[in-house]
Amino acid sequence: MTLSRGARVALRAGMIIGLAVIYVPLFVVLVNSFNADKAFAWPPSHLTGHWWSTAWDNGGVRTALWTSVKAGLGATAVALVLGTMAAFAVQRYRFFGRDTVSLLVILPIALPGIVTGIALNNAFRTVLSPLGIQLGLFTVVVGHATFCVVTIFNNVLARLRRLGTRVEEASADLGADTFQTFRYVTFPLLRSALLAGGLLSFALSFDEIIVTTFTAGAGVQTLPIWIFNNLFRPNQAPIVNVVAAALIVLSVVPVYLAQRVSGDTRGL
Amino acid sequence: MSITATPGGPVRRLAGLLHRRPYLRLATLLSAPLLWLVVAYLGSLAALFAAAFWTTDDFTGEVVKQFNLDNFQELWSQTVYRTITVRSVGVAAAVTVIDAAVAFPMAFYMAKIASPRAQRWLVIAVLTPLWASYLVKAYAWRIMFSGSGVLSWILDPFGIHGPGYGLPATITTLAYLWLPYMILPIYAGLERLPNSLLDAAGDLGARTFRTFRTVIWPVAVPAVIAGSIFTFSLSLGDYITVKIVGGKSQLIGNVVYDNIGAADNLPFAAAVATIPVVIMVIYLVAVRRTGALDNL
């Protein structure tokens with residue numbers, strides 16, 4: 001398009017400043033994880049790798065990390081099953097209340113986290129406690145799965161819409177039954193969508209703090225809860241900072257995987 | 001062939017039954033998701049909002065299950081809650097406006113000026129921080145705003161003191177957190193706008209500003225509104241960021257949180273929690289008329 005030179009320069013400057021604002025705070029956390037000063041005076045006068053080794057040996061961090069991984073895997077497993085079932089129902093059938101199902105799936109992520117959190121907390125305490133199930137990892141998985149379903153649902157729905165029903169009909173014509181068609185035809189075609197959705201779901205769960213606060217109970221600490229609990233303790237500041245830096249570095253992994261997955265689908 | 005199910009086996013018979021009865025198939029598919037989302041989730045929400053009409057006995061701390069409007073009356077009559085509501089809406093609105101102002105030039109550059117190769121990299125560059133943890137980003141700004149942090153280091157030589165922790169820090173951090181949610185819809189909307197339209201506007205004599213006003217803006221508005229749903233609703237329910245960088249400031253989320261934790265007054269917390277939900281429903285209904293929801 002024809003843009004005046006001034007507008008072009010201004011837009012380019014806006015882009016560069018915007019990216020700088022996005023990355024400078026993350027960069028500061030990375031540098032501070034090597035900052036020898038415990039109060040993170042800026043600019044750092046000395047650099048040290050001491051905090052990284054301290055954090056690595058910290059039992060609380062390891063336990064919390066492991067809890068987060070378990071919660072993320074559990075929630076993603078539940079969401080994969082529920083999301084795929086719901087997506088099949090909505091995409092392949094016409095029935096009364098179909099739009100409501102889509103809305104229902106989105107609702108847990110559209111409402112403020114604190115509303116979902118206290119609603120589940122209240123329900124768990126009144127329904128599960130008499131059954132002898134206390135707040136813990138199980139309730140965290142239930143809470144996370146509730147808002148993770150939407151990621152799988154959206155991905156599978158989009159894939160099913162694009163696939164159409166022709167391959168499945170061909171499979172049935174060739175004598176495969178419902179389960180065989182799903183196992184040998186539909187599932188392989190869905191795999192990359194499930195992977196992309198599962199990745200997003202795991203990331204959502206791994207990062208979640210508000211619903212977790214209300215569903216975890218006293219004994220269970222996920223990594224975000226650990227960070228939040230230690231954020232205001234000056235003594236723990238260097239370790240919190242190392243954990244934050246490590247999470248920033250790790251956030252490149254899903255981006256890389258997502259690129260790989262979307263690269264796969266292009267070959268489809 | 002590796003397919004082993006024998007004709008007439010129980011699995012095969014079940015498959016045949018499902019094949020003949022589409023409604024049975026549909027019912028099976030819907031059973032688990034609906035059991036989870038309707039019974040467990042909607043049930044919990046309903047129970048919560050029912051609790052908003054109950055009260056807590058001041059002496060025993062027990063919930064009194066008797067319908068009344070005391071909680072809502074208190075919310076209405078105490079000015080402190082009105083102030084906090086107005087403040088929360090103000091913060092959410094400020095975050096949305098800042099994000100729109102920052103995101104628009106970036107999205108425009110990505111969609112219309114950058115080369116296709118640069119475009120791909122810019123999308124990745126904007127998306128990557130989305131995967132970085134929410135807490136880590138809030139923490140990063142806590143470090144930025146701290147007394148010996150980067151902002152003071154930059155501002156002090158000019159004789160200006162950094163704002164420290166408070167509402168400005170909260171707005172900055174929230175705007176930072178939700179910025180990608182605003183860039184992506186605008187980028188997607190502008191990318192759909194054909195370049196030929198912009199060229200045509202130029203050929204017909206429109207200058208940059210007029211092209212912007214008459215061609216780009218009408219296409220961009222639904223996209224901006226779609227982004228604003230995220231920035232607005234995510235800011236409205238937040239209480240973690242304000243705890244990390246907000247100093248002593250309180251938003252609606254904090255009132256809910258404090259009533260659950262320290263005060264152990266679930267009915268009142270439930271009543272307070274209806275405020276952001278009602279505001280969001282009003283916002284969504286208003287927005288639906290612009291057609292922005294189709295842009296999500």
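The values are calculated or read from the model by the stated rules, or taken from the named source; none is laboratory data. Please read these numbers as outputs of a predicted model, since none were measured by experiment. FYI the Cβ positions are ideal-geometry reconstructions off the backbone, even for glycines, and counts take in every protein chain you see. Areas reflect the complete protein model, heavy atoms only, side chains present, ligands, DNA and RNA absent. Shrake-Rupley method; radii C 1.70, N 1.55, O 1.52, S 1.80 Å.
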Report task. With respect to B:Asp156, determine if the residue is charged (D, E, K, R), within 9 Å of chain A (Cβ to nearest Cβ) and open to solvent by 70 Å² or more (accessible area, probe 1.4 Å). Result -> no
**Report entry** Condition met for A:Thr67 (buried (at least 18 other Cβ atoms within 10 Å of the Cβ), more than 14 Å from chain B (Cβ to nearest Cβ), in contact with a Cys (Cβ under 8 Å, 6 or more places away or on another chain) and hydroxyl-bearing (Ser, Thr, Tyr))
**Finding:** no
Requested in this report: Please go through the stretch A:155-172 and pick out each residue that is surrounded by fewer than 13 Cβ atoms within 10 Å (Cβ to Cβ) and in contact (Cβ under 8 Å) with a residue 24 or more places away in the chain.
Outcome: A:Arg161, A:Thr165
Requested in this report: Could you please let me know if A:Pro238 is buried (at least 16 other Cβ atoms within 10 Å of the Cβ), within 14 Å of the chain's Cα centre (by Cα) and farther than 30 Å from B:Leu17 by Cβ?
Outcome: no
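Per-residue answers, yes or no, for (1) in contact with a Pro (Cβ under 9 Å, 6 or more places away or on another chain); (2) touching a residue at least 12 places away in the same chain (Cβ under 8 Å):
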residue	(1), (2)
A:Ile210	yes, yes
A:Gly217	no, yes
A:Pro224	no, yes
A:Ile227	no, yes
A:Asn235	no, no
A:Ile248	yes, yes
A:Ala258	no, yes
Query raised in the report: Quick one: how many residues across the stretch A:95-121 are closer than 19 Å to A:Ser205 by Cβ and either more than 9 Å from every other protein chain (Cβ to nearest Cβ) or at pLDDT below 85 (or both)?
Result: 6
Query raised in the report: In the stretch B:165-212, which residues are farther than 17 Å from B:Ile113 by Cα, among the small types (Gly, Ala, Ser) and buried (at least 20 other Cβ atoms within 10 Å of the Cβ)?
Result: B:Ala169, B:Ala175
Query raised in the report: Conditions: (1) open to solvent by less than 10 Å² (accessible area, probe 1.4 Å); (2) touching a residue at least 12 places away in the same chain (Cβ under 8 Å). A:Gly60 meets all but one. Number of the miss?
Result: (1)
Query raised in the report: Do we find a residue being crowded, with 22+ Cβ neighbours inside 10 Å and not in a helix (DSSP H, G or I) anywhere in the stretch A:95-107?
Result: no
Query raised in the report: Quick check, is B:Leu179 more than 9 Å from chain A (Cβ to nearest Cβ), part of a helix (DSSP H, G or I) and in contact (Cβ under 8 Å) with a residue 24 or more places away in the chain?
Result: no
Report summary line: Selection from the stretch A:18-36 of residues free of Cβ contacts under 8 Å to residues at least 12 places away in the same chain and either at the interface with chain B (Cβ under 10 Å from one of its Cβ atoms) or outside any helix (DSSP H, G or I) (or both) yields A:Gly18, A:Leu19, A:Val21, A:Ile22, A:Tyr23, A:Val24, A:Pro25, A:Phe27
Query raised in the report: When you go through (1) open to solvent by less than 50 Å² (accessible area, probe 1.4 Å); (2) part of a helix (DSSP H, G or I); (3) farther than 23 Å from B:Ile260 by Cβ one by one for A:Gly175, which number turns out not to apply?
Result: (2)
